[in-house]
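What follows is a single structure, written as structure tokens, with notes after it.
The values are calculated or read from the model by the stated rules, or taken from the named source; none is laboratory data. Computed from a prediction, not measured in an experiment: that's the story for all the values here. Here the Cβ is made from the backbone with ideal geometry for all residues, glycine too, and neighbour counts use every protein chain on show. Each accessible area value is taken on the protein alone, full model and side chains, heavy atoms only, with ligands, DNA and RNA left out. Shrake-Rupley method; radii C 1.70, N 1.55, O 1.52, S 1.80 Å.
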Amino acid sequence: DVTATVESIPLIASSVMSKKIASGANTIVLDVKVGHGTFMKTDVEAYRLAETMVKIGTDVGRRVAAVVSDMSQPLGQAIGNALELREAIDTLHGAGPADFTEHCLIIATEMLLLANRASDPAEARLKLEKILHSGAAFNKLRAMVIAQGGDPTVIDQLDHLPRASLMIQVPASRAGYIAGIDAMEFGLAAVELGAGRAKKGDAIDHGVGFVLESKVGDWVATGQTLFTLHTNDSARSAAVRERLPAAYTWSDRPVEPPPLVHRIIRPR
């Protein structure tokens, strides 16, 4: 957003992997996004990027895998800084959205396998679910916050997180199955609300964003809430409300949700 960086696979791969290698990480699992909401719009592009990064890491003696995951619709329900943090903390308590929780478990399973902490996916999954539901996962986040000099009460008591002053429920103008939600449109709309920077130096409003009530494949009745808009600026929110209905596509017939993972690429 600030530098208008070109969508170059060699530049992206070298940028990402140089940081991972320089930091000293020996085992690396990459989450490579594909779909409307990311640089890589097609599977072919995403696979090429993932394979390039895995090869770079392998060539310098690192254990690397890449999970090519879907971003044709927003992952989870929250879009926006504090809203996403709240959702992540809920997930670490075992109460996050099903798709986001599953996504995290898939990534973590790959890490346990790559680090030789589990002999197969079933064993890895069992360990991870125990860690998640015992509270150990959240406690690890808390320890990380403390180790970096942060205030753990912010994640202990979520009311300390920034909140928007206005919450506006946006209803569906028709009934039907949601066939698509344009993740890029929601990302751009979040920037318009102030959740991101349109140019260098812009202030960020950490409390604004969206919470989706329904996802691709869900049946929605006319007038049912599609999403809740969190904002501190009524003028900005009016413009966003005008543009976002176009981010949805509809079907009168049942629709299969997109797969969470398109492919896992491991060293050859």
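Using label points projected 7 Å from each Cα along Cα→Cβ, tell me how many nm separate Val191 and Thr249, to one decimal.
2.3 nm
For region 46-194, what's the relative contact order in percent, using C-alpha pairs closer than 8 Å and at least 6 residues apart?
26 percent
Can you figure out the FRET efficiency of Glu7 with Ala203, using R₀ = 22 Å and their beta-carbon distance, to the nearest 0.05? Don't skip to the end; give the middle numbers.
Working: r = 27 Å, r/R0 = 1.24.
The calculated FRET efficiency here is 0.20.
Suppose every K and R has +1 on its Cβ and every D and E has -1 on its Cβ; what is the size of the dipole of region 91-171 about the Cα centre, in Debye to the nearest 20?
Roughly 160 debye, rounded to the nearest 20.
Please turn the phi angles of region 63-72 into ³J(HN,Hα) values with the Karplus equation 6.51 cos²θ - 1.76 cosθ + 1.60 (θ = phi - 60°), one per residue in order, whole Hz, x for glycine and proline.
Each residue of region 63-72 in turn: 8, 9, 9, 10, 9, 8, 10, 7, 9, 7 Hz.
Largest first, what is the accessible-area ranking of Tyr47, Tyr177 with a 1.4 Å probe?
Tyr177, Tyr47
What whole-number volume per residue, in cubic angstrom, does the convex hull of the C-alpha atoms of the chain give?
154 Å³
Suppose a student asked you for the relative contact order of the chain, using Cα pairs under 8 Å spaced at least 6 residues apart; what percent would you report?
24 percent
With point charges of +1 on the Cβ of Lys and Arg and -1 on the Cβ of Asp and Glu, referenced to the Cα centre of the chain, which listed residue (Ile28, His206, Ala190) lies farthest in the positive direction of the dipole?
The listed residue farthest towards the positive side: Ile28.
Got a sec? Charge dipole of region 85-190, +1 on Cβ for Lys and Arg, -1 for Asp and Glu; which of Ala175, Phe138, Phe100 is way out at the positive end?
Of the options given, the answer is Phe138.
Antiparallel DSSP bridges in the chain: what percent, to the nearest 5?
Antiparallel: roughly 75 percent of the beta bridges in the chain.
Distance between Cα centroids, region 203-248 to region 145-201: provide it in whole Å.
Distance between centres, Cα-based: 10 Å.
State to the nearest 20 debye the size of the charge dipole of region 226-268 about its Cα centre, where the only charges are +1 on K and R beta carbons and -1 on D and E beta carbons.
380 debye
For the pair Lys20/Glu256, report the inter-label distance in nm, with labels modelled 7 Å from Cα in the Cβ direction.
Using points 7 Å along Cα→Cβ, the separation is 2.9 nm.
Heavy-atom accessible area per residue, the chain, 1.4 Å probe: how many Å²?
The answer is 53 Å² per residue.
Hey, what did region 1-132 get for relative contact order, percent, Cα under 8 Å, at least 6 apart?
Computed over region 1-132, the figure is 22 percent.
With a 1.4 Å probe and all protein chains kept in place, how much accessible area does Ile106 have, in Å² rounded to the nearest 10?
Roll a 1.4 Å probe over it and Ile106 shows about 40 Å².
Any idea how many Lys pairs in the chain come in under 19 angstrom at the alpha carbon, given 8 or more places apart or on separate chains?
Going through the chain pair by pair, I get 9.
Quick one: order Ser8, Ser69, Ser134 from most to least accessible surface, probe 1.4 Å.
Highest to lowest solvent-accessible surface, that is Ser134, Ser8, Ser69.
Between Thr222 and Ala98, what is the FRET efficiency for a Förster distance of 30 Å, r being their Cβ-Cβ separation, to the nearest 0.05?
On the way: r = 25 Å, r/R0 = 0.85.
The calculated FRET efficiency here is 0.75.
Rounded to the nearest 20 Debye, what is the dipole magnitude of the chain about its Cα centre when Lys and Arg each give +1 and Asp and Glu each give -1 at the C-beta?
780 debye
Restricting to DSSP H runs of at least four residues, report the calculated mean residue ellipticity at 222 nm for the chain, -39500 (n - 2.57) per run over all residues, nearest 500 deg cm²/dmol.
-13000 deg cm²/dmol
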